[in-house]
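The values are calculated or read from the model by the stated rules, or taken from the named source; none is laboratory data. Just so we're clear, the structure is a prediction, and the values are computed from it rather than from any experiment. All Cβ positions, glycine included, derive from the backbone under ideal geometry; neighbour counts span all protein chains shown. Note: accessible area is taken over every heavy atom of the protein model, side chains too, but ligands, DNA and RNA are not part of it. Shrake-Rupley method; radii C 1.70, N 1.55, O 1.52, S 1.80 Å.
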Amino acid sequence: LILLLRTLILILIILAFARPALKSVFKADSRTTAVIIVDDSAGMMYVDNGEMLYDRALRKAGEILNFLREGDTAAVIFTGDNRPDTIPRVYSDPGQLDSVLKDTERLHASADPTASFARAVELLGSSGAINKELYYITDNASNSLPDSIAAADDSIRLYIVSLGPEK
């Protein structure tokens, strides 16, 4: 009986840590809106194991797009492109976003992750989808994380994909 209780407690602790994954499973039939923020600062030009971190970030963004299902929407924001006149476009076809990622040749020395996060939160706030996900693909260099993240409701899940060098 004690062994059974200990096992049950261990399983409950594991389930508590896996909460985001379980949350997605319970809302599997719901639409998802995802915003992918790609760090395109000068530090992303670093070459690690023969691959530029920026190219690795674009590949990871493509992998994230592959998880989207029919009816889901997504947008890509680059941290170096925060001009007020450009509004990130939300696509319902992952193929369109994939072509946006492949056609991009962006590398900016002055990235602004704080403004990028504010734009992403604004996009997700205006989305009618139940599942709202924000992915930030970065090298975790100094100044690559925002000063603060804009106030957002609890329905937005944040995932940080770190691409730092292996050594």
Practice task
Could you please find all residues in the stretch 115-136 being farther than 20 Å from D39 by Cα, open to solvent by 20 Å² or more (accessible area, probe 1.4 Å) and among the small types (G, A, S)?
Solution key: G125, S126, S127, G128
Exercise for the section: Enumerate the pairs (first residue in the stretch 96-121 and of a type in the set (A, V, I, L, M) and assigned to a helix (DSSP H, G or I); second residue anywhere and modelled with pLDDT of 75 or more and surrounded by fewer than 18 Cβ atoms within 10 Å (Cβ to Cβ)) with beta-carbon separation below 7 Å, excluding pairs fewer than 6 apart on the same chain, so at least 6 apart or on different chains. Expected result: L101/G62
Practice task
Answer yes or no as to whether E105 is at negative phi and either aromatic (F, W, Y) or at pLDDT 70 or above (or both).
Solution key: no
Exercise for the section: Could you name every one of the helices (runs of 4 or more DSSP H) located completely within the stretch 1-92 that has at least 3 residues being over 21 Å from D154 (Cβ atoms), among the charged types (D, E, K, R) and modelled with pLDDT of 80 or more? Expected result: 53-66
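Residue by residue, here is whether (1) open to solvent by 30 Å² or more (accessible area, probe 1.4 Å); (2) in contact (Cβ under 8 Å) with a residue 24 or more places away in the chain holds:
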{"site": "S30", "(1), (2)": "no, yes"}
{"site": "T33", "(1), (2)": "no, yes"}
{"site": "V38", "(1), (2)": "no, yes"}
{"site": "A42", "(1), (2)": "yes, yes"}
{"site": "M52", "(1), (2)": "yes, no"}
{"site": "G62", "(1), (2)": "no, yes"}
{"site": "N66", "(1), (2)": "yes, yes"}
{"site": "R69", "(1), (2)": "yes, yes"}
Exercise for the section: Given the conditions (1) closer than 30 Å to E51 by Cβ; (2) modelled with pLDDT under 85; (3) in contact with an Asp or Glu (Cβ under 8 Å, 6 or more places away or on another chain), report the number of the one that G125 does not fulfil. Expected result: (1)
Problem - Any chance A57 is buried (at least 21 other Cβ atoms within 10 Å of the Cβ) and either of a type in the set (A, V, I, L, M, F, W, C) or out of contact with any Leu (no Cβ under 8 Å at 6 or more places or on another chain) (or both) - result: yes
